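> Below is the structure I would like to discuss, written out as structure tokens.
The values are calculated or read from the model by the stated rules, or taken from the named source; none is laboratory data. Since the structure is predicted, the reported quantities are computational estimates derived from the model, not experimental observations. Reconstructed Cβ throughout: ideal geometry from the backbone, glycine too, with neighbour counts over all protein chains shown. For accessibility, only protein heavy atoms count, side chains too; no ligands or nucleic acids. Shrake-Rupley method; radii C 1.70, N 1.55, O 1.52, S 1.80 Å.
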Amino acid sequence: MGTFDAEGNYIPRPIIDHDIEEQLLEDAYSSTMIQVEDGQIVAGKVVKVDRDEVLLDIGYKSEGIIPIWELSIRNVADPAEIVTLDEEIEALVLHKEDKDGNLILSKKRAQYERAWGRIEDIKAKEETVSGTVIEVVKGGLIIDIGLRGFLPASLVELRRVRDLQPYIGQTLEAKIIELDKNRNNVVLSRRAWLEETEKEQREAFLDDLKPGERRSGVVSSVVNFGAFVDLGGMDGLVHVSELSWKHVDHPGAVVQVGDQIEVQVLEVDLTRERISLSLKATQQDPWQEFASSHQVGELVYGRVTKLVPFGAFVQVGDSIEGLVHISEISSHHIDLPEQVVTPGEELWVKIIDLDIARRRISLSIKQAAEGGVVAAEFQEHFGEHAYDTEGNYIGTVAEEVAADQDEAWAQYYSEAGGEPVVAAPEGQHAPVPEPTPAQELAPAQEPAPEGTV
């Protein structure tokens, strides 16, 4: 450094060759630069953003290089998406000097180290983290919380979510439920956070929900054992046994996701926060419906569904089956039902007992042969003209059918060489001669006892 004379003028110090030794000069340069070691976190300014790397000035003898894959935990196509020129950022020293003498840094690993300390503190305090969804993976979502946090699909919402793609780019808040730095494993639960924040709302919703009342909802999920229905705040379960009065092989045969349905509340479990619902309770019980429209002594048409050693089951209505005991199958003794009837056969049966409380109907084939009042729905089917005022079947035949029968009998007698057929006046049917004994034995197409079908 120079000096000053008595008048205050500055006199510079003369510079001579080799004023500072070479080692001292190197030390002087080094004293103006920071010292770095592998694994150290440093701060610096972005001085260049290239296509595949970023240069960071940290006050070292050369700028540090951050390769594109070390910029972020996200998949980066352009470094400019992550940093900007002159931005101050932190980076972790990967190599103080690589084989080419370059300082190699990592921004994402610096964030990772900082994040672990913060996340461990949050976990200890049972607080929440917030981050952006950056990826959909098998089984859930990846959230950027300074490191890759895994949010399982089952813990995204209070109810199961099938399509996770809409969550990409959304900022979600979640609780940390598992933390293992050695395995680099962070498991999150947004559902746990939702359960805490919505606890009061859920309690109010459950308190307002009473067994027996009906609610409208939307089917949110269909599983093997039933269907979940969103009631506008919480999901309730309709067990497969409560979907229909009929037998259900799979819930998907009755309801689909997105269907809007009306259900009845069966049970509200406040402790476990579970709601049991019924779809069939909103529909008329087919047994009650059958009982209200039928009575003992009526004739109904049915189809044999199953044979058992003691009788035959006959379907007489929608999902309604009755039992014909073996003693009611025939007027003569039989050893097995299959001696008279076969599965799939359609026939008339008489209702001899209705036990709606036990859901049992007793039927009789042999008593149906004795006649009786035909059930109303069958009277409507065949027409009122086919029954008398008491409901007994009298078998009135339509004119066009009678004309066909006349023609058929005429052809029959003509071929058999029987009595000639006398033509009837227009609008009348020709008289039919009495059949011979051989003809009386011929099986009729639709045998029915007098007064029955």
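> Which condition from (1) in contact with a strand residue (DSSP E or B) (Cβ under 8 Å, 6 or more places away or on another chain); (2) farther than 25 Å from residue 259 by Cα; (3) open to solvent by 20 Å² or more (accessible area, probe 1.4 Å); (4) touching a residue at least 40 places away in the same chain (Cβ under 8 Å) is the one that residue 170 breaks?
(4)
> Under 6 Å between Cβ atoms, which residue pairs at least 6 apart in sequence (or on different chains) link something in region 361-380 that is in a strand (DSSP E or B) with a partner that is aromatic (Phe, Trp, Tyr) and open to solvent by 50 Å² or more (accessible area, probe 1.4 Å)?
374/393
> Could you tell me which residue of region 219-243 is nearest to the chain's Cα centre (by Cα), considering only residues that are open to solvent by 40 Å² or more (accessible area, probe 1.4 Å) and among the polar types (S, T, N, Q)?
Among residues in region 219-243 that are open to solvent by 40 Å² or more (accessible area, probe 1.4 Å) and among the polar types (S, T, N, Q), the one nearest to the chain's Cα centre (by Cα) is 224.
> Among the listed residues 306, 246, identify the single one that is at pLDDT 90 or above, basic (Lys, Arg) and either closer than 30 Å to residue 160 by Cα or over 17 Å from the mean Cα position of the chain (by Cα) (or both). Give the derivation first.
Working: 246 fails: at pLDDT 90 or above.
Unique residue meeting the criteria: 306.
> Counting only residues that are modelled with pLDDT of 90 or more and either among the charged types (D, E, K, R) or under 13 Å from residue 280 (Cα atoms) (or both), how many does region 249-265 have?
9
> Scanning region 284-297 for residues that are modelled with pLDDT under 85 and open to solvent by 80 Å² or more (accessible area, probe 1.4 Å), which turns out farthest from residue 226 (Cα to Cα)?
Checked region 284-297; the qualifying residue farthest from residue 226 (Cα to Cα) is 292.
> State whether the residues of region 220-234 include one that is assigned to a strand (DSSP E or B) and of a type in the set (Ser, Thr, Tyr). Lay out the reasoning, then the answer.
Filtering region 220-234 down to residues assigned to a strand (DSSP E or B) leaves 220-223, 226-230.
Next, only the ones that are of a type in the set (Ser, Thr, Tyr) stay: 220-221.
Yes; the residues of region 220-234 include at least one that is assigned to a strand (DSSP E or B) and of a type in the set (Ser, Thr, Tyr).
> Then there's this: Considering each residue of region 340-360, count those that are basic (Lys, Arg) and touching a strand residue (DSSP E or B) at 6+ places or on another chain (Cβ under 8 Å), and give that number. Spell out the reasoning first.
Step one: of region 340-360, the residues basic (Lys, Arg) are 350, 358-360.
Still in the list and also touching a strand residue (DSSP E or B) at 6+ places or on another chain (Cβ under 8 Å): 350, 360.
Adding up the residues that qualify gives 2.
> Could you tell me which of the residues 151, 158, 206, 194 is part of a loop (DSSP other than H, G, I, E, B) and under 26 Å from residue 237 (Cα atoms)?
Checking each option against the conditions leaves just 158.
> Right, another one. Would you please name the residue that is surrounded by the most Cβ atoms within 10 Å (Cβ to Cβ), looking only at residues in region 36-55 that are over 19 Å from residue 99 (Cα atoms) and over 51 Å from the mean Cα position of the chain (by Cα)?
Out of the qualifying residues, it is 44.
> Okay, next question. Is it the case that region 107-127 has a residue that's farther than 20 Å from residue 185 by Cα and within 38 Å of the chain's Cα centre (by Cα)? So that I can check it myself, show each step before the final result.
Kept after step one, since they are farther than 20 Å from residue 185 by Cα, are these residues of region 107-127: none.
Within region 107-127, not a single residue is farther than 20 Å from residue 185 by Cα and within 38 Å of the chain's Cα centre (by Cα).
> Please go through region 302-342 and give me each residue that is open to solvent by 30 Å² or more (accessible area, probe 1.4 Å), closer than 19 Å to residue 246 by Cβ and of a type outside the set (Asp, Glu), ordered by number.
303, 305, 306, 313, 315, 319, 323
> Here's something else I'd like to know. Taking region 344-360, which residues are assigned to a strand (DSSP E or B) and among the hydrophobic types (A, V, I, L, M, F, W, C)? Spell out how you get there, then give the answer.
Here is the first cut: in region 344-360, the ones assigned to a strand (DSSP E or B) are 346-355, 360.
Selection gives 347, 348, 349, 351, 352, 354.
> Out of all the residues in region 186-204, is one or more loosely packed, with under 15 Cβ neighbours inside 10 Å, in contact with a Ser or Thr (Cβ under 8 Å, 6 or more places away or on another chain) and closer than 22 Å to residue 119 by Cα?
Within region 186-204, not a single residue is loosely packed, with under 15 Cβ neighbours inside 10 Å, in contact with a Ser or Thr (Cβ under 8 Å, 6 or more places away or on another chain) and closer than 22 Å to residue 119 by Cα.
> Can I ask one more? If I ask for residues that are in contact with a Phe, Trp or Tyr (Cβ under 7 Å, 6 or more places away or on another chain) and within 16 Å of residue 176 (Cβ to Cβ), which ones from region 78-132 would you list?
Just the residues of region 78-132 that are in contact with a Phe, Trp or Tyr (Cβ under 7 Å, 6 or more places away or on another chain), to begin with: 103, 128.
Passing the criteria: only 128.
> Right, something else. Within region 37-52, identify whether any single residue is at pLDDT below 85, more than 21 Å from residue 113 (Cα to Cα) and not in a strand (DSSP E or B), and answer yes or no. Show your work before the answer.
Initial filter on region 37-52 (at pLDDT below 85): 37-39.
Subset that is more than 21 Å from residue 113 (Cα to Cα): none.
No, because not a single residue in region 37-52 is at pLDDT below 85, more than 21 Å from residue 113 (Cα to Cα) and not in a strand (DSSP E or B).
> Of all strands (runs of 3 or more DSSP E) completely enclosed by region 295-337, which ones contain at least 3 residues that are in contact (Cβ under 8 Å) with a residue 60 or more places away in the chain?
Working: elements: 298-308, 311-317, 320-325.
Ranges flagged: 298-308.
> Next question. Condition first: surrounded by 13 or more Cβ atoms within 10 Å (Cβ to Cβ) and assigned to a strand (DSSP E or B). Now tell me which residues in region 112-135 satisfy that.
Correct list: 128, 129, 131, 132, 133, 134, 135.
> Quick one: is residue 255 within 20 Å of residue 157 (Cα to Cα) and not basic (Lys, Arg)?
Details: within 20 Å of residue 157 (Cα to Cα): no; not basic (Lys, Arg): yes.
Criteria not met by residue 255.
> Among 91, 124, 110, 77, which is the only one that is under 23 Å from residue 172 (Cβ atoms) and among the hydrophobic types (A, V, I, L, M, F, W, C)?
Details: 91 fails: under 23 Å from residue 172 (Cβ atoms); 110 fails: under 23 Å from residue 172 (Cβ atoms); 77 fails: under 23 Å from residue 172 (Cβ atoms).
Just one listed residue meets the conditions, 124.
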